1. Along the stretch A:29-39, what does the Karplus equation 6.51 cos²θ - 1.76 cosθ + 1.60 (θ = phi - 60°) give for ³J(HN,Hα), rounded to whole Hz, x for Gly and Pro?
2. Name the lysines eligible as straight-distance cross-link partners of residue A:122: C-alpha to C-alpha under 22 Å, and not fewer than 8 places from it in the same chain.
3. Please list 3J(HN,Hα) in residue order for the stretch A:132-140, calculated via the Karplus relation 6.51 cos²θ - 1.76 cosθ + 1.60 where θ = phi - 60°; whole Hz, with x for glycine and proline.
4. Hey, got the dipole for the stretch B:13-164? About the Cα centre, +1 on K and R Cβ, -1 on D and E Cβ, debye to the nearest 20?
5. Of the DSSP beta bridges with both residues in chain B, give the percent that are antiparallel, rounding to the nearest 5.
6. Note down the relative contact order for chain B as a percent, whole number, built from C-alpha pairs under 8 angstrom at least six residues apart.
7. Specify the angular offset, from 0 to 90 degrees and rounded to the nearest 10, of the alpha carbon long axis of helix A:143-152 from the longest principal axis of the alpha carbons in chain A.
8. Can you list the aspartates and glutamates whose alpha carbon is less than 13 Å from that of residue B:51, not counting same-chain residues fewer than 8 positions off?
Amino acid sequence: MDRRAFVTSAAAAVLPWRIAFSQSGWRTFEVTTRAEVDFAEGVSRVWLPLPLIDDNEWQRSLGSAWTGNAARADIARDGKYGVAMLYAEWPAGQPAPRIELTSRFSTRDRAVDLGRADPQAKALSAADFSFYTAPTEWIPTDGIVRDTARGIVKGARSDVEKARAIYEWVVENTFRDPKVRGCGWGDIKAMLETGNLGGKCGDLNGLFVGLARSVGVPARDVYGIRVAASAHGYRSLGVGTPMISRAQHCRAEFYAQGAGWVPVDPADVRKVVLEEPPGQLAVGDPKVVAARKRLFGSWEMNWLAYNMGHDIALPQSKGPKLPYLMYPNGETGNERLDQLDPDAFKYSITARELTA
Amino acid sequence: MLRALSGALLLAWAITAPAQALRPWSGGATPPIELQDFDGAAHRLADFHGKTVLVNFWATWCVPCREEMPSIERLRRSLDGKPFAVLAVNVGENARAARSFVDAMPARFTWLLDRDTQTAKSWRARVLPASYVVGPDGRIRYSALGALDWSSDEVRKVIEGVMK
């Protein structure tokens, strides 16, 4: 039995999976971000993440448009990762700065069959291998990170086996901490040093990425936002309303020879444990077991990917770098607005599915 | 009521949007365009060599695209008889959606369909409307991101400068 067949049959055996995951059928969504700067003082600036620039087999950008009263608006890109964002600027004295960005994209579910070599899988260049095994400012790959990872992957030979071991370790040893603001900043060294392995996707999937990179498995975080309910019966893995201002979610990928980039999401397994009704599920609960199998090798694409960047220096800003760009960001009078507080910033994000 | 309110809000936002500016182009070579119109006829940007061409990427759902389009037609009319053309490239929509909009828009543009969005991406037209002024020699001279009042004296002078 190949891996896909195994996962499918395992999924079908438990209730949460209403349908086996499908590789057909693109869905199209429209996401609208509206940002306003209340109490503007001096020059105001806003940075809004744009959908992933490069089309791939699971997401295609159909374009974006903006309206508002910005004196200047432009596409800006982070130099190292090519993260794309809409940058808007208002001069001092501009009353009620505001901008609205509408983006359309198509997406379809994604699954990689690790039991079968994919002849279409692109080889990773030496430069990309170095890039995706390198540390970031928040994700070191030496010291306690590497020591921990070496212990986890002991006996594993291939990249897939190493990634699998790290994935299982993250699922077994971490927990979703609902008290963490936003998605967590992914300070994985502090997590390992303190032994506090609680967090959200930025922390738990950041931990997966750091551990993988530290043992030479290329890996990366993918930052985005949930746009629709899960079609597989998981209330915790989707959004139930068009208002998605607080639905940001990051995922992770690792690279395997012969398979290409492989989607994983150990943080969502821990989300199922914590949040899926009735809550605080056991790791052996069928819902958790099914999610755990599925989320090593597949993503349900009720989610928009923004970018894969780390250590983002916002153009035109003198403020500190961001660990990642997943939320609207802004500043007025050179003071950063709280990106994790949509009501104070303020911003709203809505999503709707478009049907022909 | 809700729809009317949201429509009014959208309109209010759009009306307060200030004009963007034409910026000199420094983005390199001109990507090719070879796309079909509503009748299936193929058009290439290269066919317009010798003319100044405004390449405008748009979509029906893009509010500022819809709003700037009448000003593009006013510009075209003001340059009637001169070597100037407008290629209006719909991004990512089906012909029916685009055509229903165009039928209600009395503008003499060359309407093209970029269904797979690859042409828009090759032009780096990520945010709509995205417009490019291509000189008679085929080189991009200016670009504009966002809606522009194309019928303003300032913009027309820039276009006429490219035509010389």
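What follows draws every value from the coordinates through simple rules; no lab data is involved. As the structure is a computational prediction, the values presented were derived from the model and not from experiment. Methodologically, a virtual Cβ is constructed for each residue, glycine included, from the backbone with ideal geometry; neighbour enumeration extends over all protein chains shown.
1. Each residue's phi maps through the Karplus curve to give 10, 10, 10, 10, 10, 10, 10, 10, 9, 7, 6 Hz.
2. A:80, A:162, B:121
3. Once θ is set to phi - 60°, the couplings for the stretch A:132-140 become 8, 10, 7, x, 10, 4, 9, 10, x Hz.
4. Once rounded to the nearest 20, the dipole reads 300 debye.
5. 55
6. Relative contact order, chain B: 32 percent.
7. Long axis of A:143-152 versus the principal axis of chain A: about 30 degrees.
8. B:80, B:137, B:160
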